[in-house]
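What follows is calculated from the coordinates using simple rules that are stated; it is not laboratory data. No experiment lies behind these values; they were computed from the predicted model shown. Every residue, glycine among them, receives a Cβ derived from its backbone with ideal geometry; neighbour counts consider all protein chains shown.
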Amino acid sequence: MTPLSLQQYLAREETLRGLDPQLARVISGISEACKTISSLVRQGALAGVLGLAGSENVQGEEQKKLDIISNDIFVEALVQTGAVCGMVSEEVDHVISVPETEALGPYLVAFDPLDGSSNIDINVSIGSIFGILPADRPKRVAVEADFFKPGRNLKAAGYCMYGPQTQLVLTLGQGVVMFTLDPLTGTFRLTREAVRVEREAKEFAINMSNERFWEKPVQRYIGELLQGKDGVRGKNFNMRWIAAMVAEVHRILQRGGIFMYPRDSRTPDRPGKLRLLYEANPMAMIMENAGGAATNGHERILDITPEKIHERVAVFLGAAEEVERVTAYHLDK
Ligand code: AHG
Ligand code: MN
Ligand code: MN
Ligand code: MN
């Protein structure tokens, strides 16, 4: 039997679990944006989308052409749904509002239009990440403060990975499902349900080149993993680093492990590299819904109340046992 399409899946959720049709519209709009981005990624240099844009985003990162193109594709697709009243994007310093001529809806969307930008030009996996919040003031032009709600309020979150296959991973707060894009028909089809992350792990992901800038608890934790069988852990750990959070999370969802992006002493004024609203929160919701965990070393990521739309946060996520251990080291236990 042909697996359910994303549209059929959303319709089934509306019927069986009372999924709000407007939320389904937002997810559907995002899936359309991801298809368009996927097609540009596949064409690469042939579509003229590689290389630098010649500008910087609000976080001081050099923007790639594809960062900006993907941002514009997301904004247009979301505006067209008529179901959103404001957006936050990695690539835009302020809240993006819906043009006055378009309908306003009850949802707020935060997104990283293109994750893993350093992989774009080398044809390695990249993705898009999104989180969808209900607006306290539905159908009113959103302001920054509307986004200052802990991630536990998210109604849905997900990402799309542009890898050997294009896959959309989604949670509506009751488990995690995966869709694979059929490149022949342009349809996302349900290829995995009830995705689970094992409590135990034998693989970790961290940018080891930053080791000397980490805090003591992280140095201790990673040191123990590196000692493998000969140390306190009594087993060997493998390491992977793709430099795209989407790809690391995708691997962990399928074969376990822990992903970390800790604080760095070179940038004492910021708690980490990754952004809370559109990187850490959606991935934390996915991990928790797959039975994993996500903290900033001290508290659950989904319990943090944001104070800035581009707020950064340290991230430890994946296998519960490992996340609990590195968190305990931070709490000096
Ligand atoms: P983005 O490309 O959206 O700015 O995010 C990049 C992030 C994340 O995807 C990845 O885990 C990390 O940066 C890679 O950092 P390093 O370059 O330090 O390895
Ligand atoms: Mn970036
Ligand atoms: Mn990113
Ligand atoms: Mn990005």
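Exactly one residue out of Ile73, Ile68, Ile96 is closer than 24 Å to Leu184 by Cα, surrounded by 14 or more Cβ atoms within 10 Å (Cβ to Cβ) and of a type in the set (Val, Ile, Thr): that is Ile73.
Looking only at residues in region 20-39 that are aliphatic (A, V, I, L, M) and touching a strand residue (DSSP E or B) at 6+ places or on another chain (Cβ under 9 Å), the one that is surrounded by the fewest Cβ atoms within 10 Å (Cβ to Cβ) is Leu23.
Scan region 303-326 for residues that are in a helix (DSSP H, G or I) and crowded, with 21+ Cβ neighbours inside 10 Å and the total you get is 3. Within region 55-81, the only residue that satisfies the criterion of being among the small types (Gly, Ala, Ser), within 15 Å of ligand 3 (Cβ to nearest atom) and in contact with a helix residue (DSSP H, G or I) (Cβ under 6 Å, 6 or more places away or on another chain) is Ser70.
Against the test of being under 21 Å from the mean Cα position of the chain (by Cα), buried (at least 22 other Cβ atoms within 10 Å of the Cβ), acidic (Asp, Glu) and over 30 Å from Tyr9 (Cα atoms), the options Glu91, Glu62 yield a single qualifying residue, Glu91. Of the residues in region 219-236, not one is within 16 Å of ligand 4 (Cβ to nearest atom) and crowded, with 22+ Cβ neighbours inside 10 Å.
Looking at Val79, Val88 in this structure, which one is more than 14 Å from ligand 4 (Cβ to nearest atom), of a type in the set (Val, Ile, Thr) and not in a loop (DSSP other than H, G, I, E, B)?
Residue meeting the stated conditions: Val79.
The residues of region 19-54 that are out of contact with any helix residue (DSSP H, G or I) (no Cβ under 7 Å at 6 or more places or on another chain), closer than 18 Å to Tyr9 by Cβ and not charged (D, E, K, R), listed by number, are Gln22, Leu23, Cys34.
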